[in-house]
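The values are calculated or read from the model by the stated rules, or taken from the named source; none is laboratory data. Just so it is clear, the structure is predicted and the values come from calculations on it, not from any experiment. Backbone-built Cβ (ideal geometry, glycine too); neighbour counts: all protein chains shown.
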Protein chains: 4
Amino acid sequence: MKTGASQEEIDSVVQKARSQGLDVQLNVGTEKTVVALLGGNTGQLPTDIFAVLPGVESVTRIMKPYKLASREFRPMPSQVSCSGVEIGGECVVIMAGPCAVESEEQLMEAAKAVKESGASILRGGAFKPRTSPFSFQGLQKIGLELLAKAREQFGIPVVTEVVDPQDVELVCSYADMLQVGSRNMQNFALLTNVGKGRCPVVLKRGFACTITEWLTAADYLLAEGNDQVVLCERGIRTFEDSIRFSLDISAIPVLKRSSHLPVIVDPSHAAGHYSLVPAIAKAAVAAGADGLLIEVHPNPKEALVDGLQSLSPSNFASLMEELRTIAKSIGRYI
Amino acid sequence: MKTGASQEEIDSVVQKARSQGLDVQLNVGTEKTVVALLGGNTGQLPTDIFAVLPGVESVTRIMKPYKLASREFRPMPSQVSCSGVEIGGECVVIMAGPCAVESEEQLMEAAKAVKESGASILRGGAFKPRTSPFSFQGLQKIGLELLAKAREQFGIPVVTEVVDPQDVELVCSYADMLQVGSRNMQNFALLTNVGKGRCPVVLKRGFACTITEWLTAADYLLAEGNDQVVLCERGIRTFEDSIRFSLDISAIPVLKRSSHLPVIVDPSHAAGHYSLVPAIAKAAVAAGADGLLIEVHPNPKEALVDGLQSLSPSNFASLMEELRTIAKSIGRYI
Amino acid sequence: MKTGASQEEIDSVVQKARSQGLDVQLNVGTEKTVVALLGGNTGQLPTDIFAVLPGVESVTRIMKPYKLASREFRPMPSQVSCSGVEIGGECVVIMAGPCAVESEEQLMEAAKAVKESGASILRGGAFKPRTSPFSFQGLQKIGLELLAKAREQFGIPVVTEVVDPQDVELVCSYADMLQVGSRNMQNFALLTNVGKGRCPVVLKRGFACTITEWLTAADYLLAEGNDQVVLCERGIRTFEDSIRFSLDISAIPVLKRSSHLPVIVDPSHAAGHYSLVPAIAKAAVAAGADGLLIEVHPNPKEALVDGLQSLSPSNFASLMEELRTIAKSIGRYI
Amino acid sequence: MKTGASQEEIDSVVQKARSQGLDVQLNVGTEKTVVALLGGNTGQLPTDIFAVLPGVESVTRIMKPYKLASREFRPMPSQVSCSGVEIGGECVVIMAGPCAVESEEQLMEAAKAVKESGASILRGGAFKPRTSPFSFQGLQKIGLELLAKAREQFGIPVVTEVVDPQDVELVCSYADMLQVGSRNMQNFALLTNVGKGRCPVVLKRGFACTITEWLTAADYLLAEGNDQVVLCERGIRTFEDSIRFSLDISAIPVLKRSSHLPVIVDPSHAAGHYSLVPAIAKAAVAAGADGLLIEVHPNPKEALVDGLQSLSPSNFASLMEELRTIAKSIGRYI
């Protein structure tokens, strides 16, 4: 309550709380009175219904707005299974491949290269959310068919992005794992549809969303019944302009403390430049990430999308060697 | 090019450029050489195809990535017409109403109040994008029907949000104007569908998107053929925590210089608290905004959504008086 | 306390609080217990001493860390007097002049122009904090002498920046008002020295500091005994790159609610470009600013520092006309 | 130049450039003309003198504003020597100790603990820049004497912060290495004085400064003749609120590419909470940091300053074991 709030104003807050089924306790300080609201679901109540009352200075949440994604809801770490690959265990899972599926030749070459270097999951975009309407939008259904073909040929599960709520079923019928992109983290129509399916999903962090908002978006998926959710940190927007997005390395320990869901890192989209990818990838593994999502293109100079941030197969192979040593030094493996 | 780039490296950039149909000119400085790429559509070419070449230090765009929304494409300001209300002319257009349509009684009361105080368009949400799956999600189709009823009863056009690409046609059949929300500014599936319709649209700025990205998103709508686009600044995410979003007041003059599209401001979502709404609203009008989008609720204390940022009818009436005087002082009217 | 905190852990927090002279009250919720700490000076206690105890989840301040600058400490607005010019009253005070004092001719021309157009205080930098060591650093003592001369000749008080704690006395001996720049808002050695003097001071907001940090910095000045403090919003650092700094327009109503100190706005440093200055200046007056700090240069094209953001005398004269009308429309004057 | 700039406007830019001793080349595109300015010191010229001319749209720098700190100025990595400890070589140098020197007992205990666990340099603050005037400000001269005593007793060099330009000489007479704190990164009076001395210096990044601004601040030190400069990343201010500052992990590879100066990381101030320190510290070493600056307090629960972010001696000892394994895995040692 504000300094000097009247007894009547305090009473009206107390009444409002009781009408919502909450218990109330007053903390009368030297200058201000604090009204403590106690109950099982305060995290899900909007704060506005109290903040708007006269004499109220501000409302502070003690309970988080997310629930199903929280460590408190499920104290032990979850593991997510993608066609036999376990994410969230001792193994650091590497997902790699081109930003966009461009052609059969390109995808097969990429799939061969990443498999040989030790990646466990193939990534590749069929539907591309592009910021400009004049850019290449992806091969769409043909891209999905090529991904399925690569999976068959190289025996490696595939993850690909879905951007339209209507496409969820289609994409699920080809892919082993869905990806919800950064710009769609709060596309609730999409989240609801993905949550209704049973396909495991990589939920990328919105590039300007807090960790609390991210876990609340994960709650959308979990609330619909899909509990195969992997969180993917991919960089946040800051004032720094030497890199495309600033990778939030501390998101890893923060998530490990707040949530039971596995956490992976995409160093490629954060970096925007291939030369910065290895340092970020190594840092992520050392900080405890359960996996990485890395862009690899057989010929980055000819890539239609994001060539600058893609590793060549030989650079990827070298990085995998380094990552293996680091994983081993912290008691994990790749 | 990097300091010390070889002739061969420079040549390969030149060749790449010519293969894209561009002209080339070399600027040989004391330490670095700059390769200037000249041509009609450089703004739509990805920079990566050059940045990835050996010896290249960085690629700097001179042409903007957006085109149809730019002032250079259309030097005179556009006006958008919403069922007879002209946005972008001398009149500062006020759109007001509740955050969410909650009931017939609530909506009619709100419509009556805002109409009486001089608002030209009624706002009200039927589909609500809520950050938590446990929150009230809107009345949906029933909400649309109530909006249509309010329009009929009070003779005031209505604007409402659309969140799912599949709902565009439905919403268009009830509303005079669509709203694409902040979290959907880069939902390209939604933009494409809205762009295919002919319903005028308010495109809210993504809360962490640059003005360049915003105008590029507007290009999605324009490229599909819908040229009835109004931009709405609603606050950006910054480190400041005394307000929900920091309203970017300078977006108004920046947009007036860069684009021909009308610009309105939503002070309510930026502020998050009704007490901050009037100062921001007055600033926006003084800075040259073509309109405002303000939340008004007949009884903010009982609002299901965002009650704290909603003005009561009497506060809205007072604010309208103040806004009229300011509009007059800069040669416009409300 | 964390969910499941033991009685022993709760007791140790209670003991710690009592050892600091605080009263304690327990709020036992369904999942968590909250320990309320009550006392007169909790705002000045570090939260760490509690946060570090076992079982504590987090510590939330109810009292602000600043005190003397708060509205609660002094409920009525303060006025600051600068050699007869009252800041914080009905008059919107315009401070204008060149970014840097460059020569006698330049300063006198600028002083004449701004005085004629109705500015009440002349600004001009003698000591310049430049981000690069290779840039012009200001005329220093000679600049101060020129400012004093301009004051005498045109009968207008002068405000100028001080950057080194050692120079406070020197600058005070020439200027009517000191300015502490954005990069020095948390230069506590400087604040302490300025606080020990009695010269009125403009405290610019650090470009990445919250309003709470800003008012806490003001407390440094007030705690040393200098109560002639004016706050100056000059833009904050965000991701937006179309402008140098994003002016935080909502800082004006937030400060009016939280503090008794007068608030002015510097549109020039935020804008970085003269064409954006008028819209921001007009917005600031409409939002309730008590004054403006505007850069005016007799010949912006020849300015040694920040020419791009400086208005020419004729542009300044036009702007003043517009500002007068807006001030009048909200019941103030210039 | 703007689209449609006149020949006269272009000519006036060309003349201005020639008057500054620059060569000029015109790049005439389909829609715009770009004037390339060529010369040895364009990085040090203000862009405003061109941007302000009529017909100019914007000025883009190709050369960076910093020079002496750049990799181009000095292609090989620099090493900095602190009383026999080499920073920037194969060894990852650990600096550890309490945030503030509080008493002889506390400092000696901390020194003993960090030395035993393998730290090479003792840190401890004697002058504390505190955001609130009501907080503990450090033991000042007595603190310096205690640091000197700890150095003698344990044979370990000491690093400590200097906050006032006047104190540089005093602090140098006790310490082996100076620290310029985050809030003083652009305190140019302080940088100039520290640059005039020959004491090695840790220059912390301003929490809202770009890497370009940071290296330009380093140029202040280097331009005055002090070439013993170590850069320290300590977290930047972002919208994320689960941590005090977001550690910019990519600053490490970006700096390694742009500068020859050694780079260390302070995980403690970024984290704000001891539980997050180990993950960030491990990430920094894996990403290639040349050292770490870690807060260790013999009894964090009793610390006067920043107890929450301090490791206990036993936690520090465990972390050192982990860091050694990671350092080894990337071919370095601790």
Pair list, Cβ under 9 Å, 6 or more apart: region D:320-334 residue over 17 Å from A:Ala284 (Cβ atoms) and touching a residue at least 60 places away in the same chain (Cβ under 8 Å), other residue of a type in the set (S, T, N, Q) and part of a loop (DSSP other than H, G, I, E, B)
D:Ile334/D:Ser120
Just one of B:Lys128, B:Lys149, B:Lys112, B:Lys141 is crowded, with 20+ Cβ neighbours inside 10 Å and basic (Lys, Arg); which is it?
B:Lys128
What number of residues within region D:110-136 satisfy the criterion of being over 18 Å from D:Leu293 (Cβ atoms) and out of contact with any helix residue (DSSP H, G or I) (no Cβ under 8 Å at 6 or more places or on another chain)?
1
Mind counting the residues in region A:142-164 that are without any contact (Cβ under 8 Å) to a residue 60 or more places away in the chain and more than 30 Å from B:Met185 (Cβ to Cβ)?
11
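Answer with yes or no whether C:Ile280 is buried (at least 21 other Cβ atoms within 10 Å of the Cβ), in contact (Cβ under 8 Å) with a residue 12 or more places away in the chain and at the interface with chain B (Cβ under 9 Å from one of its Cβ atoms). Write out each step before concluding.
Values: buried (at least 21 other Cβ atoms within 10 Å of the Cβ): yes; in contact (Cβ under 8 Å) with a residue 12 or more places away in the chain: yes; at the interface with chain B (Cβ under 9 Å from one of its Cβ atoms): yes.
Yes, satisfied.
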Checked against (1) away from chain D (no Cβ under 14 Å); (2) farther than 30 Å from B:Ala284 by Cβ; (3) in a strand (DSSP E or B); (4) of a type outside the set (A, V, I, L, M, F, W, C), B:Glu105 satisfies every condition except (3)
Return the residues of region A:82-105 that are crowded, with 20+ Cβ neighbours inside 10 Å and without any contact (Cβ under 8 Å) to a residue 60 or more places away in the chain; say none if nothing qualifies.
A:Val101
Checklist (1) modelled with pLDDT of 85 or more; (2) under 19 Å from B:Gln309 (Cα atoms) applied to A:Leu45, failing item:
(1)
Filtering region D:226-269 down to residues that are at the interface with chain A (Cβ under 7 Å from one of its Cβ atoms), over 27 Å from D:Lys67 (Cβ atoms) and touching a Gly at 6+ places or on another chain (Cβ under 7 Å) yields D:Ile243, D:Ser246, D:Leu247
Tally of residues being within 20 Å of C:Asp266 (Cβ to Cβ) and either of a type in the set (Val, Ile, Thr) or within 11 Å of chain D (Cβ to nearest Cβ) (or both) across region C:139-169
6
Answer yes if at least one residue in region D:170-187 is at the interface with chain C (Cβ under 9 Å from one of its Cβ atoms), without any contact (Cβ under 8 Å) to a residue 40 or more places away in the chain and under 21 Å from C:Val168 (Cβ atoms), and no otherwise.
yes
Please enumerate the residues belonging to region A:25-70 that are without any contact (Cβ under 8 Å) to a residue 24 or more places away in the chain, under 31 Å from the mean Cα position of the chain (by Cα), within 13 Å of chain C (Cβ to nearest Cβ) and not in a loop (DSSP other than H, G, I, E, B).
A:Thr42, A:Gln44
Please go through region B:296-323 and give me each residue that is part of a helix (DSSP H, G or I), under 17 Å from A:Pro54 (Cβ atoms) and in contact with a Ser or Thr (Cβ under 6 Å, 6 or more places away or on another chain), ordered by number.
B:Pro300, B:Gln309
In region A:39-57, what residues are in contact with a helix residue (DSSP H, G or I) (Cβ under 9 Å, 6 or more places away or on another chain) and either of a type in the set (A, V, I, L, M) or closer than 29 Å to A:Pro253 by Cβ (or both)?
A:Thr47, A:Ile49, A:Ala51, A:Val52, A:Leu53, A:Val56
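Can you go through A:Ala69, A:Ala36, A:Ala5 and tell me which one is closer than 17 Å to B:Ser132 by Cβ and surrounded by 14 or more Cβ atoms within 10 Å (Cβ to Cβ)? First the steps, then the outcome.
Details: A:Ala36 fails: closer than 17 Å to B:Ser132 by Cβ; A:Ala5 fails: closer than 17 Å to B:Ser132 by Cβ.
The conditions single out A:Ala69.
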Out of curiosity, is C:Asp306 among the charged types (D, E, K, R) and at pLDDT 95 or above?
no
Filter region B:284-295 down to the residues that are touching a residue at least 60 places away in the same chain (Cβ under 8 Å) and either assigned to a loop (DSSP other than H, G, I, E, B) or within 30 Å of A:Ser12 (Cβ to Cβ) (or both) and list them by number.
B:Ala289, B:Asp290, B:Ile294, B:Glu295
Being outside any helix (DSSP H, G or I), of a type outside the set (A, V, I, L, M) and under 23 Å from D:Lys301 (Cα atoms): is that true of D:Pro133 here?
yes
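Among the residues of region D:255-267, what is the count of those that are more than 18 Å from D:Gly89 (Cα to Cα) and part of a helix (DSSP H, G or I)? So that I can check it myself, show each step before the final result.
Pass one, region D:255-267, residues more than 18 Å from D:Gly89 (Cα to Cα): D:266-267.
Pick out the ones that are also part of a helix (DSSP H, G or I) and you get D:267.
Here the count works out to 1.
Let's see how each residue does on (1) away from chain B (no Cβ under 13 Å); (2) within 13 Å of the chain's Cα centre (by Cα):
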site	(1), (2)
A:Leu190	no, no
A:Asn193	no, no
A:Lys196	no, no
A:Val202	yes, yes
A:Thr210	no, yes
A:Glu213	no, yes
A:Glu224	no, no
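Can you go through B:Phe245, B:Phe239, B:Phe207 and tell me which one is among the aromatic types (Phe, Trp, Tyr), in contact with a Ser or Thr (Cβ under 7 Å, 6 or more places away or on another chain) and under 18 Å from C:Ala270 (Cβ atoms)?
Numbers: B:Phe245 fails: in contact with a Ser or Thr (Cβ under 7 Å, 6 or more places away or on another chain); B:Phe207 fails: under 18 Å from C:Ala270 (Cβ atoms).
Being among the aromatic types (Phe, Trp, Tyr), in contact with a Ser or Thr (Cβ under 7 Å, 6 or more places away or on another chain) and under 18 Å from C:Ala270 (Cβ atoms) holds for just one of B:Phe245, B:Phe239, B:Phe207, which is B:Phe239.
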